[in-house]
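A.B. asks: Below is a structure I'd like to ask you about.
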Amino acid sequence: MPQSTRHSRNASTLCVIMGGGQGTRLFPLTKDRAKPAVPFAGKYRLVDVPISNCINSGYRRVYILTQFNSASLHRHISQSYKFDQFSGGFVEILAAQQTLTDTSWYEGTADAVRKNLIHFLDHDFDYLLILSGDQLYRMDFHKAVEDHIETGADITIATLPVGRTEAMSLGILQINEDHRITNFVEKPKEPAMLDSLHLPAEWYPKLGISGDRELFLASMGIYVFSRSIIRKLLDNNLSDFGKHVIPEAIQSHRVFSHVFQGYWEDIGTIRAFFEANLDMAAELPRFNFFDMGSPIFSRPRFLPGSKVNGAHIEHAVISDGCIINQAKIANSVVGLRTVVGPGTELNRTVILGSDYYESLESIVEHERTGQPRMGIGSNCRIENAIVDKNARIGDNVVISPSGKPDNLDHPLYYIRDGIVVIPKNGALPHGTVI
């Protein structure tokens, strides 16, 4: 395709990232921050993934819709994504707001877009790209928009081939030979229903799918809408795209599938977030942050390189600005500015790091009152845990979910999905055993 044509089509696409609701499935990580602002993989935020996919696809007009605890998200976006003033690019947050005609908050994804259409329609665009703010994947959105144009679709839905087990927890789409979507079923459980939805194996070569295992097409929650149709589709009270708007539109509009093949993970739960983080420490992680052909962008922090004083480290991600003393770290992610004391052992632990280095005066004052310094103390044993930002873990602390219920609320910590979570700014006194 000529560069001028590609540029004109890039300029005609507006991107909208859904920031999600209260993020209850990611609580307590969302207790004081919006879901897209949750730290991830040591030095990033969840929202960096969809924003980077937009930038790498050539799309530089991005709105993020959010309504809960958005202060840290605002700070991160304003400090991370600054485009040349002559390029026309922007990444902006649209938080839910009360107006003279509407005092309600976002009721769902479609409702959030409906309430902001007045802002979107001020822009010159032909295609509206709707994305989720809590998924991990790398996609060239330009290919999805190209499919949308070539098929003459009103709506294009990005779909992922999945097996029978995964299909039971996702929205499954059925297509015809032209990739037009003919049916949508949310989380099908009945074997007979699943049997009717599987993708015909004889279509695999045309779709570029190798192998012969049974597959279903799952919605990724990524949509391309034509400008001419979005206003009509939202001229109602339907609140959600996946549950309401899309199923109705399949019956009345041209809705097509763009089949994506690659790693994709919905990281909306504590377990999924935990496992996706730990996978970054594997020798061959499923998502490759080292792919500089499509880099994941974030805020430049100008931190020093991490310092390791005689530690034993295997299969771990150590972020910028850390000080690791004589510790043992395995299968773990250590976030920005983390200090780990000598004799400590970390296994299957995700540390989200610190927002700042604690001053000597603060350390002395905390020690005077018997409180630990920021970071991980000496001679600790921590496994299957998430330690949120700015936490203070004292010396001789043991943290493990072993022998405890899968879900528990405690004044000092939480357990979710069998994982201990130390909340942001939390403190565990010296000698605490969890």
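A.B. asks: Give, to the nearest whole percent, the P(r) tail of segment 136-237 beyond 23 angstrom, counting all Cα pairs.
C.D. replies: 31
A.B. asks: Work from the charge dipole of the chain (Cβ charges, +1 for Lys and Arg, -1 for Asp and Glu, about the Cα centre) and give the residue of Leu173, His430, Tyr204 farthest towards its positive end.
C.D. replies: Checking the options against the dipole of the chain, the answer is His430.
A.B. asks: Provide the three semi-axes, in whole Å and in decreasing order, of the ellipsoid equivalent to segment 77-180 as defined by the square roots of 5 times the Cα gyration tensor eigenvalues. Each step should come with its number before you reach the end.
C.D. replies: Working: eigenvalues 167, 81, 55 Å².
Value: 29, 20, 17 Å, ordered largest first.
A.B. asks: Quick one: Cα centre-to-centre distance for segment 116-193 and segment 23-94, in angstrom?
C.D. replies: Answer, in whole Å: 22.
A.B. asks: Relative contact order (percent) for the chain, with alpha-carbon contacts under 8 angstrom and 6 or more residues of separation?
C.D. replies: Relative contact order comes out at 14 percent.
A.B. asks: Would you kindly derive the ³J(HN,Hα) couplings of segment 208-215 from the backbone phi angles with the Karplus curve 6.51 cos²θ - 1.76 cosθ + 1.60 (θ = phi - 60°), listing them in order in whole Hz, with x for Gly and Pro?
C.D. replies: Calculated HN-Hα couplings, in order: x, 9, 9, x, 9, 6, 5, 9 Hz.
A.B. asks: What span do the alpha-carbon atoms of segment 253-400 cover on each of the three principal axes, reported in whole Å from largest to smallest?
C.D. replies: Dimensions of segment 253-400 along the principal axes of its Cα atoms: 68, 31, 30 Å.
A.B. asks: Mind checking the dipole of segment 63-216: about its Cα centre, +1 per Lys or Arg Cβ, -1 per Asp or Glu Cβ, Debye to the nearest 20?
C.D. replies: Value, rounded to 20: 540 debye.
A.B. asks: In nm, give the distance between the simple-model label positions of Asn396 and Arg381, each being 7 Å from the Cα along the Cα-to-Cβ direction.
C.D. replies: 1.4
A.B. asks: Oh, and also: Between Pro191, Pro161, Pro28, find the one with the highest GNM mean-square fluctuation for the chain; connect C-alpha pairs within less than 10 Å.
C.D. replies: Top of the fluctuation ranking is Pro191.
A.B. asks: What does segment 284-367 give for Rg and for Dmax, in Å, if only its C-alpha atoms count?
C.D. replies: Answer for segment 284-367, Rg first and Dmax second: 14.4, 47 Å.
A.B. asks: When the C-alpha atoms of the chain are aligned to their principal axes, what extent does each axis show, in angstrom, from largest down?
C.D. replies: Dimensions of the chain along the principal axes of its Cα atoms: 69, 51, 44 Å.
A.B. asks: Something else about it: Run the accessible area of segment 135-293 with a 1.4 Å probe and give the carbon-and-sulfur part as a rounded percent. Spell out each step's value before the answer.
C.D. replies: Working: 3650 of 7370 Å².
The computed percentage sits at 50.
A.B. asks: Can you give me the accessible area per residue for the chain, using a 1.4 Å probe, in Å²?
C.D. replies: 45
A.B. asks: I need to check one value: relative contact order of segment 49-181, counting alpha carbon pairs closer than 8 Å and at least 6 residues apart, in percent.
C.D. replies: Reported relative contact order: 27 percent.
A.B. asks: Further question on the same structure: What FRET efficiency do you get for Glu177 and Lys31 if R0 is 45 Å and r is their Cβ-Cβ distance, rounded to the nearest 0.05?
C.D. replies: 0.40
A.B. asks: Taking a temperature of 20 °C and a viscosity of 1.002 mPa s, what whole-number D in µm²/s does Stokes-Einstein yield for segment 361-434 with Rh from Kirkwood over alpha carbon pairs?
C.D. replies: Taking Rh from Cα pairs, D becomes 173 µm²/s.
A.B. asks: Assuming a ≥ b ≥ c are the square roots of the Cα gyration tensor eigenvalues, decide whether segment 202-273 counts as rounded (a/c under 1.5), prolate (otherwise, with a/b larger than b/c) or oblate.
C.D. replies: The shape class here is oblate.
A.B. asks: Here's a follow-up. At 1.4 Å probe size, with no ligands or nucleic acids counted, give the accessible surface of Lys206 in Å², nearest ten.
C.D. replies: Accessible surface of Lys206 is approximately 140 Å².
A.B. asks: Further question on the same structure: Taking the Cα centre of the chain as origin, work out the dipole magnitude from +1 charges on Lys and Arg Cβ and -1 charges on Asp and Glu Cβ, in debye rounded to 20.
C.D. replies: That gives the chain a dipole magnitude of about 840 debye.
A.B. asks: Amide H to amide H under 5 Å from Glu345: which residues, 5+ apart in sequence or cross-chain, H placed 1.01 Å off N in plane?
C.D. replies: So Glu345 has HN proximity to Lys328, Cys380, Arg381, Ile382.
A.B. asks: Just going by the charge dipole of the chain, with Lys and Arg at +1 and Asp and Glu at -1 on Cβ, which of Leu303, Phe90, Gln79 is farthest out on the positive end?
C.D. replies: Of the candidates, Leu303 comes out farthest on the positive side.
A.B. asks: Can you work out the Karplus-derived ³J(HN,Hα) for every residue in segment 308-314? Use 6.51 cos²θ - 1.76 cosθ + 1.60 with θ = phi - 60°, whole Hz, and x for glycine or proline.
C.D. replies: Each residue of segment 308-314 in turn: 10, 9, x, 7, 10, 10, 9 Hz.
A.B. asks: Per residue of segment 264-276, what does 6.51 cos²θ - 1.76 cosθ + 1.60 with θ = phi - 60° give for ³J(HN,Hα)? Whole Hz please, x for Gly and Pro, Karplus curve as stated.
C.D. replies: With coefficients 6.51, -1.76 and 1.60, one gets 8, 9, 7, 10, x, 10, 4, 4, 5, 4, 4, 5, 5 Hz.
A.B. asks: What distance in nm separates the simple spin-label points at Arg164 and Gln261, each placed 7 Å from Cα in the Cβ direction?
C.D. replies: Distance between the two pseudo-spin positions: 2.2 nm.
A.B. asks: Another question, then. If you stretched the chain out fully between Phe289 and Lys206, how much longer would it get, using 0.36 nm times the residue separation minus the C-alpha to C-alpha distance? Before the final figure, lay out each step's value.
C.D. replies: On the way: separation 83, 0.36 × 83 = 29.88 nm, distance 3.01 nm.
Once the chain is fully extended between Phe289 and Lys206, it gains 26.9 nm.
A.B. asks: At q = 0.13, 0.14, 0.15, 0.26 Å⁻¹, what log₁₀ I(q)/I(0) does a Debye calculation on the Cα points of segment 127-182 give, no solvent, two decimals?
C.D. replies: -0.40, -0.47, -0.54, -1.30
A.B. asks: Averaged over every viewing direction, what's the projected area of the C-alpha convex hull for segment 324-369? Give it in nm², one decimal, please.
C.D. replies: Values: hull surface 15.0 nm².
Averaging across all directions leaves 3.7 nm² for the Cα convex hull.
A.B. asks: For a quick check: with amide H placed at 1.01 Å from N, whose amide H comes under 5 Å from Leu336's, ignoring anything fewer than 5 positions away on the same chain?
C.D. replies: Those qualifying (amide H under 5 Å, at least 5 residues apart or on another chain) are Ser354.
A.B. asks: Which of the listed residues, His148, Leu412, Thr182, is farthest toward the dipole's positive end in the chain, when Lys, Arg count +1 and Asp, Glu count -1 at the beta-carbon?
C.D. replies: Positive-end residue among those listed: Leu412.
A.B. asks: Under the √(5λ) rule applied to the eigenvalues of the Cα gyration tensor, what semi-axes describe the equivalent ellipsoid of segment 21-80? Give them in Å, descending.
C.D. replies: On the way: eigenvalues 84, 30, 22 Å².
In descending order, the three semi-axes are 21, 12, 11 Å.
A.B. asks: Related question: Listed highest first by mean packing, meaning other Cβ atoms within 10 Å per residue, what order do 307-317, 267-277 come in?
C.D. replies: Working: 307-317: 14.6, 267-277: 19.9.
My ranking of the peptides, most packed first, is 267-277, 307-317.
The values are calculated or read from the model by the stated rules, or taken from the named source; none is laboratory data. Predicted model, so just to flag it, every value in this text is computed and none were measured. No Cβ is skipped: glycine too gets one built from the backbone with ideal geometry, and neighbour counts run over all protein chains shown. All accessible areas refer to the heavy atoms of the entire protein, side chains included, with ligands and DNA or RNA removed. Shrake-Rupley method; radii C 1.70, N 1.55, O 1.52, S 1.80 Å.
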